[in-house]
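Scroll down for the structure; my scribbles are underneath it.
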Amino acid sequence: LPLLSPRLTPTRERPHSIHSARPIMASVAACSSACARAVAPRRSARKPSSSASTTTARGTSNIGASPLSASSGSRRRGLRVACRAVDLRRLIERLCEGEDLTEAETEASLDALLDADPAQISAFLVLLRAKGETAAEMAGMARAMQARSVQVFAGEDVLDIVGTGGDDAGTVNISTGSCILAAAAGAKVAKHGNRSVSSLCGSADVLEALGVAVDLGPEGVAQCVQEVGMGFMYAPRYHPSMAAVGPVRKALKVRTAFNLLGPMLNPARSKYALVGVYTPDLQHLMADSLMKLGMKKALVVCSTVGSLSLDEMTPCGPTQVVEVTPAGTKSYSFNPRDVGIPECALSDLAGGDAKLNAQMLMDALGGEKGPVADCLMLNAGVAMAAAAQAESVEEGIAMCKEAHAAGKGGDTLKAWVKLSQELRAQEV
């Protein structure tokens, strides 16, 4: 990449509102009160998984868990000291005044809020949305969540293909199938995902229906990546602090910054990614946030079909792309037809529940031709080029076409199912 002579654009530090920043600050008190009544008494978000092999970034690491350096440990200790000094009341007042927070302030604030009253968490999220989140604030929130996460060491070159969800398109699990095909073509993939939130079938749902053990610990995930090229990290297991936020988000019933955080929280700390967002308005916010988090290369994509925006690339038409590197961002449009992917209708990609989607992916990965297979080859090939596991998009797609024609996608899936189930039996 670049794909089509992109234009270099400077990075931004302006607010990007998840939705229009209409005046909703007056409702913060009501939202907070409702949230406080709705949520159960707060549980500690610092408790790690019950598995002996599972450790958090605040504890020690072992095989399969990403080792923390001395400087990283010092940074965590510094953060904890800063968190104790956070004046949450003053923080809320500053957000009421429409002030932006620095990355460090946001990191310390969210870390403190995760152990605070749910009403304060709700006020924080609503006020951020009202003024419009900045890339610095999103990066700070991501760092706070990562500091409490269970880490996985699966290698420096792993990639992820992931979307924010929320596009209401009802497609089959494109990113999940694309990850498996990319692994079959030679990539190392560490996918982070969850059960369904905004769709009929989430990545964990369809993988479970395919027979994959989705709840492996860090050593098991790392072994799957190394031996079959594909591993899956189930979000609730790797981000236990989400338990403090889940009831708040449910009580608020509005989109917040957490709707965008998922792609920034890969427990394997993947430095390469193909990230889909559900509206073009959020592409630069996501791109700038990923750059601040140290991504080596990421493509933030959003495709438009009629009046609908999708959080992935499809053969249905052009895709808007924002390319992220440490040097900055590039914006351009990409048409799948330019790399030999035939156009299709959105209805050709329609999915359903976990059972239906699992069968659709098995057929496509097993060598069946058609729009679903084309879509998997498109996303997997572009992701491999972004991760420098192919010299170009054309080469990446060619590698995926070859793997598809040989049925390697199905073979990789079968090998992954077998290994993941064996490893889960060992964990138990």
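Of all residues in the stretch 312-331, those that are farther than 19 Å from ALA380 by Cα and open to solvent by 10 Å² or more (accessible area, probe 1.4 Å) have Cβ atoms under 9 Å from Cβ atoms of residues that are of a type in the set (Asp, Glu) and in a strand (DSSP E or B), 6 or more apart or on another chain, in LYS330/GLU323; SER331/GLU323. When every residue of the stretch 343-351 is checked against the conditions, at least one turns out to be surrounded by fewer than 17 Cβ atoms within 10 Å (Cβ to Cβ), over 22 Å from the mean Cα position of the chain (by Cα) and over 21 Å from VAL206 (Cβ atoms). The number of residues in the stretch 226-257 being assigned to a loop (DSSP other than H, G, I, E, B) and in contact (Cβ under 8 Å) with a residue 12 or more places away in the chain comes to 8. Considering the stretch 401-428 alone, what residues qualify as being within 23 Å of GLU368 (Cβ to Cβ), open to solvent by less than 10 Å² (accessible area, probe 1.4 Å) and under 22 Å from the mean Cα position of the chain (by Cα)? Listed by number, the list holds a single entry, TRP416. Of the listed requirements (1) open to solvent by 10 Å² or more (accessible area, probe 1.4 Å); (2) on the phi < 0 side of the Ramachandran plot; (3) of a type in the set (Asp, Glu), ASP168 misses just one: (2). Can you give me the number of residues within the stretch 232-257 that are of a type in the set (A, V, I, L, M, F, W, C) and open to solvent by less than 10 Å² (accessible area, probe 1.4 Å)? Total satisfying the criteria: 5.
Filtered by the rule that a residue be open to solvent by 10 Å² or more (accessible area, probe 1.4 Å) and in a helix (DSSP H, G or I), the stretch 109-119 gives ALA112, PRO118, ALA119.
Among the residues of the stretch 201-222, write down those that are in a helix (DSSP H, G or I) and either in contact with a Phe, Trp or Tyr (Cβ under 6 Å, 6 or more places away or on another chain) or buried (at least 21 other Cβ atoms within 10 Å of the Cβ) (or both).
As a first pass, look at the stretch 201-222 and keep what is in a helix (DSSP H, G or I): 203-210, 218-222.
Within the stretch 201-222, SER203, ALA204, ASP205, VAL206, LEU207, LEU210, PRO218, GLY220, VAL221, ALA222 meet the criteria.
Within the stretch 258-286, the set of residues being part of a loop (DSSP other than H, G, I, E, B), of a type outside the set (Gly, Ala, Ser), in contact with an Asp or Glu (Cβ under 8 Å, 6 or more places away or on another chain) and open to solvent by less than 20 Å² (accessible area, probe 1.4 Å) comprises ASN266, VAL277. Filtering the stretch 176-207 to residues that are of a type in the set (Ser, Thr, Tyr) and in contact with a Leu (Cβ under 8 Å, 6 or more places away or on another chain) leaves THR176, SER178.
Yes or no: ASN266 in contact (Cβ under 8 Å) with a residue 12 or more places away in the chain and closer than 27 Å to ALA147 by Cα? Quick ask: steps written out before the conclusion?
Details: in contact (Cβ under 8 Å) with a residue 12 or more places away in the chain: yes; closer than 27 Å to ALA147 by Cα: yes.
It is true that ASN266 is in contact (Cβ under 8 Å) with a residue 12 or more places away in the chain and closer than 27 Å to ALA147 by Cα.
Which is closer than 16 Å to ASN173 by Cα and part of a loop (DSSP other than H, G, I, E, B), of GLY352, GLY367?
After applying the criteria, what remains is GLY352.
Checked against the criterion of being among the aliphatic types (A, V, I, L, M), closer than 30 Å to ALA112 by Cβ, open to solvent by less than 20 Å² (accessible area, probe 1.4 Å) and in a helix (DSSP H, G or I), the stretch 289-303 contains one or more residues that satisfy it. Residue-level analysis places SER122 outside the set of residues that are out of contact with any Phe, Trp or Tyr (no Cβ under 8 Å at 6 or more places or on another chain), of a type in the set (S, T, N, Q), within 22 Å of LEU293 (Cβ to Cβ) and not in a loop (DSSP other than H, G, I, E, B).
A search for C-beta distances below 6 Å between a residue of the stretch 398-417 that is more than 17 Å from THR176 (Cα to Cα) and hydrophobic (A, V, I, L, M, F, W, C) and any residue that is buried (at least 21 other Cβ atoms within 10 Å of the Cβ) and at pLDDT 95 or above, counting only pairs 6+ apart in sequence or on different chains, returns MET399/ALA185. Candidates are the residues of the stretch 332-348 that are small (Gly, Ala, Ser) and in contact (Cβ under 8 Å) with a residue 24 or more places away in the chain; the one that is nearest to PRO315 (Cα to Cα) is ALA345.
For the residues ALA390, ALA398, ALA380, the requirement of being open to solvent by less than 30 Å² (accessible area, probe 1.4 Å), at pLDDT 95 or above and either part of a helix (DSSP H, G or I) or touching a Gly at 6+ places or on another chain (Cβ under 8 Å) (or both) singles out ALA380.
Every residue, every condition in (1) of a type in the set (Gly, Ala, Ser); (2) on the phi > 0 side of the Ramachandran plot; (3) modelled with pLDDT of 95 or more; (4) assigned to a strand (DSSP E or B), yes or no:
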{"position": "THR54", "(1), (2), (3), (4)": "no, no, no, no"}
{"position": "SER71", "(1), (2), (3), (4)": "yes, no, no, no"}
{"position": "LEU91", "(1), (2), (3), (4)": "no, no, no, no"}
{"position": "GLU107", "(1), (2), (3), (4)": "no, no, yes, no"}
{"position": "GLU137", "(1), (2), (3), (4)": "no, no, yes, no"}
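For residues that are of a type in the set (A, V, I, L, M) and not in a strand (DSSP E or B), scanning just the stretch 304-336, find the one that is farthest from ALA350 (Cα to Cα). Break it down into steps so the answer makes sense when it comes.
Step one: of the stretch 304-336, the residues of a type in the set (A, V, I, L, M) are 305, 308, 310, 313, 321-322, 324, 327.
If we keep only those that are not in a strand (DSSP E or B) too, we end up with 313, 327.
Working: MET313: 14, ALA327: 38 Å.
Once the filter is applied, the top-ranked residue is ALA327.
The values are calculated or read from the model by the stated rules, or taken from the named source; none is laboratory data. Treat the numbers as computed from the prediction; the structure is a model and nothing was measured. Positions of Cβ are backbone-derived with ideal geometry, glycine not excepted, and every protein chain shown enters the neighbour counts. Remember, those area values only see protein heavy atoms, side chains included, never the ligands or the DNA or RNA. Shrake-Rupley method; radii C 1.70, N 1.55, O 1.52, S 1.80 Å.
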